[in-house]
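These notes concern the structure reproduced below.
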Amino acid sequence: EGEGGERKAKQKRNTWMLSANLGHALMIVERMVVQNIWQAEQLLYRNIQLDPFEDLPEPEVESPSGTRRQTMFTEDKEEDKDKDGAEDRPEPEYDDDGAMQVLWRYACPVAKGQNVTCFAWNKVNTDILAVGYGESSSNTNVARHGSVCCWSLKNPVYPERIFKIDNAGVSSVDFSSNHPSLLAVGHTDGALALFDVRKQGNSPILKSTVSGGQHTGTIWQVKWVLKGKDRGESLVSISADGRVTDWSIKKGLECSNLLRLKRVPNKQQGVTQLKGDALLSRQSGGMCVDFNPMERILYIVGTEDGTIHKCSTSYSEQYLETYAGHAGPVYR
């Protein structure tokens, strides 16, 4: 009976330690501690100016890097006060080379050794920043992995959510406007996944499949596009395989191609296409896409061969106009 009671007590402790309520409470406490440490930087970022604290000694605080520093509201007793008795706010410190002041850096062990490939701010809660990471390796036999970290301005020390991507890097991310918790993630292997950032865990709520028309090249951009009043929004992706694709999430991830990009001669590159080129060389990889906010059927795409095309959702086989002003890829 003694062992049984001990076992039940241990299980009860473990249940309490792993409960969602405790995790949420610890997250709030962590935010409070972090904001106490980074108070000055947070206020400066939000352009909030407060009068210096009076009759209080300026404490030294220890930053997460282990160095001791004072906050920006330092009290200089040797400096004269103005007629109202308030001291001037100290000017931000800048590097000798004229660079802007660094307030903080987002970094965590999960993303160590990975490159930042993309990022997107939440369109409703502008404190949330989603950052995509991917590995760069010249060895094609090594499986590459990626991750997505959702950072909050309320805690710049550690991300609120972490989604790990196996066997592929992250190449693009974007938050939905109508459903702010939905995060679209494009992969380097052509897969597209949807995550609900409100939920813990590593599994997407929806993911594309090869049989469902998934891209065969890196998805360089995903973009939620508002269709207009009472029409909701759609998800559009553009990939290195030359496809501009519209995705519907009503019944899983169903796609339809808006356009297949075809290469056109670009005088800026100083070369012309040979008549005997293979079909593959006549396809152009897509890099970026953006829609006209006034006329939703019009959009432009940037390609890897330096051309920009004006297109319409009404025509899937031709461009309305082509602009050849670059000799290299148009990323954004």
Residue by residue through the range 20-29, which ³J(HN,Hα) values in whole Hz follow from phi under the Karplus form 6.51 cos²θ - 1.76 cosθ + 1.60 (θ = phi - 60°), with glycine and proline marked x? 5, 5, 5, x, 5, 5, 5, 5, 5, 5
Would you mind checking which residues have amide H under 5 Å from C288's amide H? H placed 1.01 Å from N; only 5 or more apart, or other chain. G302
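Among the listed pairs K8/K164; K223/K251; K199/K223; K112/K250; K112/K227, give every one whose C-alpha distance is greater than 28 Å.
Listed pairs above 28 Å: K8/K164; K112/K250; K112/K227.
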I300 - accessible surface, heavy atoms, 1.4 Å probe, Å² rounded to 10: 80
Using protein chains only and a probe of 1.4 angstrom, how many square angstrom of W220 are accessible, to the nearest 10? 90
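Ignoring ligands, DNA and RNA, how do Y158, Y331, Y319, Y299 rank by accessible area with a 1.4 Å probe, largest first? Show your work: numbers first, answer last.
Values: Y158 95, Y331 135, Y319 50, Y299 5 Å².
Solvent-accessible surface, decreasing: Y331, Y158, Y319, Y299.
The values are calculated or read from the model by the stated rules, or taken from the named source; none is laboratory data. For clarity, every value in this text was computed on a predicted model and none was experimentally measured. In case anyone asks, the SASA skips ligands and DNA or RNA and just uses the protein heavy atoms, side chains included. Shrake-Rupley method; radii C 1.70, N 1.55, O 1.52, S 1.80 Å.
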